[in-house]
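The values are calculated or read from the model by the stated rules, or taken from the named source; none is laboratory data. All values derive from a computational prediction rather than experimental measurement. Backbone-built Cβ (ideal geometry, glycine too); neighbour counts: all protein chains shown. Accessible surface is based on the protein model in full, side chains and every heavy atom, while ligands, DNA and RNA are left aside. Shrake-Rupley method; radii C 1.70, N 1.55, O 1.52, S 1.80 Å.
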Amino acid sequence: MRTRPILIMLVPLILGAVALAQSLVIESWRNDDLVIWRDTIIPAFNAQFPDIEVVFAPTAPAEYNAVLNSKLEAGAAGDLITCRPFDTSLGLFEAGHLVSINDLPGLENFSSVAKSAWITDDGSHVFCVPMASVIHGFIYNADAFTELGLSEPLTNEEFLELLEIIKQDGSYAPLVMGTNDQWEAATMGFQNIGPNYWKGEEGRLGLIDGSIGYNEGGFLKAFEALATWVPYLTDGYQAVTYPDAQNSFTLGLGAIYPSGSWEIAGFNAQADFAMGAFPPPPPAGQEVCYISDHTDIAMGLNAASPNAEAALTFLEWMTTSEFAELYSNALPGFFTLSSHAIELTDPLAQEFLSWRSICESTIRSSYQILSRGNPNNENDLWNASAQILNGTLTPQEAADQVQQGLEAWYEPQQ
Amino acid sequence: MPPRRRKPFPFHILVFLTPAVLIYTIFMVYPLIDSLRLGLFSLNDTGREVFVGLDNYRTLLTSDLWAPRLWNAIRNNFVLFAIHMSVQNPIGLLLAALLSSQIIRGRALFRTLIFTPTILSVVLIGFSWRLILSPLWGIAKDILGIFGLESLYRPWLGLESSALVAISLISVWQYVGVPMLLFLAALLGIPDELIEAARIDGATGWGVFWRIKFPLILPTVGIVATLTFVGNFNAFDLIYTTQGALAGPNFSTDILGTFFFRTFFGIQLQLGNPTMGATIAGVMFLIILAGVLLYLFGWQRRLQRIEL
């Protein structure tokens, strides 16, 4: 009588041990997505491939690159590696930690732009399956807008007027953003509004081929536009961190949150007011609008994985329209990079996605090639943008500083 | 002369020493030496370690890219140390003097309360102080408001001019219990006869403290200064938890520890550079070694032992 229950209890253990041979571990920096992977994505995969157990094992975003590198060096990393865009992952591929996935069936569902962030410079090897991009823009408190009788700005001039009205009214912080963590100033400020000034891809590729510098033309104008935000930022913004700003906005303390689509899921859960979004408004008189539609996340195979076969099965499944639809809807704001036509149920995410058809898309200026050297262009932009907002550098000084850093090692700019 | 019996080899000493020597060698000495070794190498294009001698140190000290960061970090480390020496240790001494006198009631309670922050996690302390000083939800502004001083409030942790001082003071608040306990133990070790004799000779409380007690606890002052020095030049955690590895704003709170972390592990798009990181660790080691040697030869050797 006694032994039976014990035997029955042992069954799952034995099964578990068998399944362990086919167990995949996913390395990721998206610890916010843990529940979505566990409850939605992995069960959908297991419905088709019940033999492959998948574990989503994320690390804190700020530590991800460092932790992943150490794990890979030590041979302790998971089977599937979530890929940062461009050089971080290219470096992993060149060091032999990621394998080429050129032959993966289903890769034809991705355009060359989608693959551009995870391909060797000569285009011969793709090493990660593109998952999603994020789109920059401004999220606003729609209830506050109604209360103050405001409407979405169409030009930068209207945008500044709007901020002035909100400031005069005094019930809401006009722009909810801090500079403490530095990256917000660059990513949610400079890279958000900048493409309108440097004409998207034209300016970005100009930086790469050396025909334009950070301290002239559109890039200088972008720094100057950023400086006009200073009077409208949250009180004490110099010491406001990224989570502080998120909480402040979702608690209804602010009117406009400069950001990107990746906030949508979190904000939907936290905010109890209606939200809307508008793209970065171009300067008056400019017909074309530009948005940063940044290739942000992909998945690759750890070269040292003992379960390569199962991992490739998972990667192949990630190229299907089923995954695209599942992922984009489970994580509103992360838009699939595949060419499958998908339906988005979240109105805010749909709003962001709709800008793809009215504005020209580009990616963040510093991500491709320019952050290869030392000093690192991305980190320089963080520092310079934060200093502009903190009032310790003028836009011209900040632009010169970034340009000098780039000229120090990047030949086309010398 | 009677034949001297040779003493047997004292095996028990080996037995007592071995565990400590083994553990210390495996977990401290070997990693330290290996880290110093790594600082003499560089990674080539294929990721292989190549011996480059002192090249990394030369780059670190002379290149426009590295030298300003290094000197900035060293300067900030000295500011951190100066604030601890001039604020933490005098306050620790004052608290110890108060707690060792008989006139204060509830000494055990105060002692415990003051020492408690020391045993709390730095992460917890950093997070709490971030909240206290936060411009959005902090109580610092409200507390100043009670005294009508609300206009004095600034986002201290976010300003280049005040961030390092603010963080140093947080650290002082947390660790003031350590010098206090060390001073207290030393003060309590002074025999009452000396103090009674001084009293009979007509010395005041002030005189007794500076003429009798302070000279007797001088060795402890030296030890506290050395501990502070080593602790401050090894510091990393508080800056990392309150300001992040970028040690903002504009590197104004960057110390050798955070500089090392960013270099060794990389940050955001910048990949880690283990050999350069090891070089920075080497510089940290040399600075601390210099400080400790200075203490050993400049201070400890000159101390006179006083039989009490």
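Only a single item in (1) at negative phi; (2) within 11 Å of chain A (Cβ to nearest Cβ); (3) open to solvent by 30 Å² or more (accessible area, probe 1.4 Å); (4) touching a residue at least 24 places away in the same chain (Cβ under 8 Å) is not met by B:Leu218, and it is number (2). In summary, helices (runs of 4 or more DSSP H) completely within the stretch B:199-308 and bearing 2 or more residues that are at pLDDT 90 or above and among the small types (Gly, Ala, Ser) occur at B:218-233, B:274-298. Each residue in the stretch B:47-67 was checked for being outside any strand (DSSP E or B) and open to solvent by less than 70 Å² (accessible area, probe 1.4 Å), and 12 pass. Take the residues of the stretch A:149-172 that are within 29 Å of the chain's Cα centre (by Cα) and among the hydroxyl-bearing types (Ser, Thr, Tyr): which is most open to solvent (accessible area, probe 1.4 Å)? Looking at the filtered set, the residue picked out is A:Ser151.
Looking only at the stretch B:255-266, decide whether some residue is within 14 Å of another protein chain (Cβ to nearest Cβ), more than 25 Å from A:Tyr367 (Cβ to Cβ) and either of a type in the set (A, V, I, L, M) or open to solvent by 20 Å² or more (accessible area, probe 1.4 Å) (or both).
Yes, because at least one residue in the stretch B:255-266 is within 14 Å of another protein chain (Cβ to nearest Cβ), more than 25 Å from A:Tyr367 (Cβ to Cβ) and either of a type in the set (A, V, I, L, M) or open to solvent by 20 Å² or more (accessible area, probe 1.4 Å) (or both).
Can you say whether A:Leu393 is more than 10 Å from chain B (Cβ to nearest Cβ) and either crowded, with 17+ Cβ neighbours inside 10 Å or small (Gly, Ala, Ser) (or both), as far as the supplied structure shows? Judged against the criteria, A:Leu393 is not a match.
Of the residues making up the stretch A:41-66, those that are hydrophobic (A, V, I, L, M, F, W, C), under 18 Å from A:Thr320 (Cβ atoms) and out of contact with any Leu (no Cβ under 7 Å at 6 or more places or on another chain) are A:Ile42, A:Phe45, A:Ala47, A:Phe49.
Within the group A:Asp346, A:Asp380, which residue is open to solvent by 20 Å² or more (accessible area, probe 1.4 Å) and within 14 Å of chain B (Cβ to nearest Cβ)? Walk me through it before giving the result.
Values: A:Asp346 fails: within 14 Å of chain B (Cβ to nearest Cβ).
Step by step, each of A:Asp346, A:Asp380 is checked, and only A:Asp380 is open to solvent by 20 Å² or more (accessible area, probe 1.4 Å) and within 14 Å of chain B (Cβ to nearest Cβ).
Scanning the stretch A:34-65 for residues that are within 14 Å of chain B (Cβ to nearest Cβ) and buried (at least 21 other Cβ atoms within 10 Å of the Cβ) returns a single hit, A:Asn65.
Every condition in (1) within 12 Å of chain A (Cβ to nearest Cβ); (2) outside any loop (DSSP other than H, G, I, E, B); (3) in contact with a helix residue (DSSP H, G or I) (Cβ under 9 Å, 6 or more places away or on another chain); (4) under 25 Å from A:Ala173 (Cα atoms) is met by B:Leu144 except one, and the failing one is (1). Of the residues A:Glu316, A:Glu322, the single one that is surrounded by fewer than 17 Cβ atoms within 10 Å (Cβ to Cβ) and either within 30 Å of B:Arg262 (Cβ to Cβ) or in contact with a helix residue (DSSP H, G or I) (Cβ under 8 Å, 6 or more places away or on another chain) (or both) is A:Glu322. From the list A:Thr241, A:Thr295, the one residue that fits, being in contact (Cβ under 8 Å) with a residue 60 or more places away in the chain, among the β-branched types (Val, Ile, Thr) and touching a Pro at 6+ places or on another chain (Cβ under 9 Å), is A:Thr295. The set of residues from the stretch B:232-249 being within 14 Å of chain A (Cβ to nearest Cβ) and under 15 Å from B:Trp71 (Cβ atoms) comprises just one member, B:Ala247. Applying a threshold of 7 Å to beta carbon distances and a minimum spacing of six or more residues, or different chains, the list of pairs starting in the stretch A:66-79 at a residue that is within 14 Å of another protein chain (Cβ to nearest Cβ) and ending at one that is open to solvent by 60 Å² or more (accessible area, probe 1.4 Å) reads A:Ala66/B:Phe265.
When the stretch B:86-135 is filtered for residues that are exposed (fewer than 13 other Cβ atoms within 10 Å of the Cβ) and more than 22 Å from B:Thr241 (Cβ to Cβ), the ones remaining, listed by number, are B:Ser86, B:Pro90, B:Ser101, B:Gln102, B:Ile103, B:Ile104, B:Arg105, B:Gly106, B:Ala108, B:Leu109, B:Thr112, B:Leu113. If you go through the stretch A:263-279 and pick out every residue that is buried (at least 24 other Cβ atoms within 10 Å of the Cβ) and touching a Phe, Trp or Tyr at 6+ places or on another chain (Cβ under 7 Å), you end up with 2.
Quick grid of which residues meet (1) part of a helix (DSSP H, G or I); (2) of a type in the set (S, T, N, Q); (3) in contact with a helix residue (DSSP H, G or I) (Cβ under 6 Å, 6 or more places away or on another chain); (4) surrounded by 10 or more Cβ atoms within 10 Å (Cβ to Cβ):
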{"residue": "B:Arg5", "(1), (2), (3), (4)": "no, no, no, no"}
{"residue": "B:Ile13", "(1), (2), (3), (4)": "yes, no, no, no"}
{"residue": "B:Pro19", "(1), (2), (3), (4)": "yes, no, no, no"}
{"residue": "B:Thr25", "(1), (2), (3), (4)": "yes, yes, no, yes"}
{"residue": "B:Asp34", "(1), (2), (3), (4)": "yes, no, no, yes"}
{"residue": "B:Asp45", "(1), (2), (3), (4)": "no, no, no, no"}
